[in-house]
């Protein structure tokens, strides 16, 4: 069994980043693709998997030479749970990484402390990176206040939790003001 793999969940590009589209940002699809490419590249040399529900994203993963785990659900939590179940026999830990990190450098060399590691967004509320052991009854809680929800869930199952609040990975792109050109 290998130690750690990285899972990058990706929503169908045309449905992703609604707030950017509504905020008047142009070329949202290409921006999303470029951020995802950067995250996938920064995840090397670890084994990397894209979790998705669409043919478009699966083709994108192939173009990036990354394995794809298809999910029947467009729900982020369900897609991550599907990937978690599929990879639990092969890896001791999984690192779930959002594809919209502004500065993803170093993902592939990160050595997470503790049983569970949560890298929050720069507001300290969202979970941009989550590392947990496999084979557990872990309920993924991505969404509003997910950092706190993930911490409570990890503690519920007896994991030692390490929270990182000052990482460059804390800066993701959700709102028009998050874009730095």
Worksheet item: Could you say whether any residue in segment 166-180 is in contact with a strand residue (DSSP E or B) (Cβ under 6 Å, 6 or more places away or on another chain), without any contact (Cβ under 8 Å) to a residue 60 or more places away in the chain, surrounded by fewer than 17 Cβ atoms within 10 Å (Cβ to Cβ) and farther than 22 Å from residue 82 by Cα?
Response: no
Discussion item. Which of the numbered conditions does residue 105 fail, given that it passes all the others? Conditions: (1) out of contact with any helix residue (DSSP H, G or I) (no Cβ under 7 Å at 6 or more places or on another chain); (2) at pLDDT 95 or above.
Written reply: (1)
Practice prompt. Mind telling me which of the residues 112, 104 ends up being assigned to a loop (DSSP other than H, G, I, E, B), surrounded by 17 or more Cβ atoms within 10 Å (Cβ to Cβ) and out of contact with any strand residue (DSSP E or B) (no Cβ under 6 Å at 6 or more places or on another chain)?
Written response: 104
Worksheet item: Given the structure, is residue 150 within 21 Å of residue 33 (Cα to Cα), buried (at least 20 other Cβ atoms within 10 Å of the Cβ) and touching a strand residue (DSSP E or B) at 6+ places or on another chain (Cβ under 9 Å)?
Response: no
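Residues being assigned to a strand (DSSP E or B) and surrounded by 22 or more Cβ atoms within 10 Å (Cβ to Cβ): count how many of those fall in segment 119-133.
At the first step, the residues of segment 119-133 found to be assigned to a strand (DSSP E or B) are 119-120, 127-133.
Still in the list and also surrounded by 22 or more Cβ atoms within 10 Å (Cβ to Cβ): 119-120, 127-132.
Looking only at that region, the number is 8.
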Item to complete: Could you list all residues from segment 114-123 that are farther than 18 Å from residue 136 by Cα and in contact (Cβ under 8 Å) with a residue 24 or more places away in the chain?
Response: 119, 120, 121, 122
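How many of the residues in segment 43-61 are in contact with a strand residue (DSSP E or B) (Cβ under 8 Å, 6 or more places away or on another chain) and under 19 Å from residue 108 (Cα atoms)? Walk me through it before giving the result.
Of the residues in segment 43-61, the ones in contact with a strand residue (DSSP E or B) (Cβ under 8 Å, 6 or more places away or on another chain) are 43, 46-53, 57-58, 60-61.
Next cut, under 19 Å from residue 108 (Cα atoms) only: 43, 46-51, 61.
Total satisfying the criteria: 8.
The values are calculated or read from the model by the stated rules, or taken from the named source; none is laboratory data. Predicted, not measured: the structure shown is a model, and the values here were computed from it. Note that we place each Cβ from the backbone using ideal geometry, even for glycine, and neighbour counts take in every protein chain shown.
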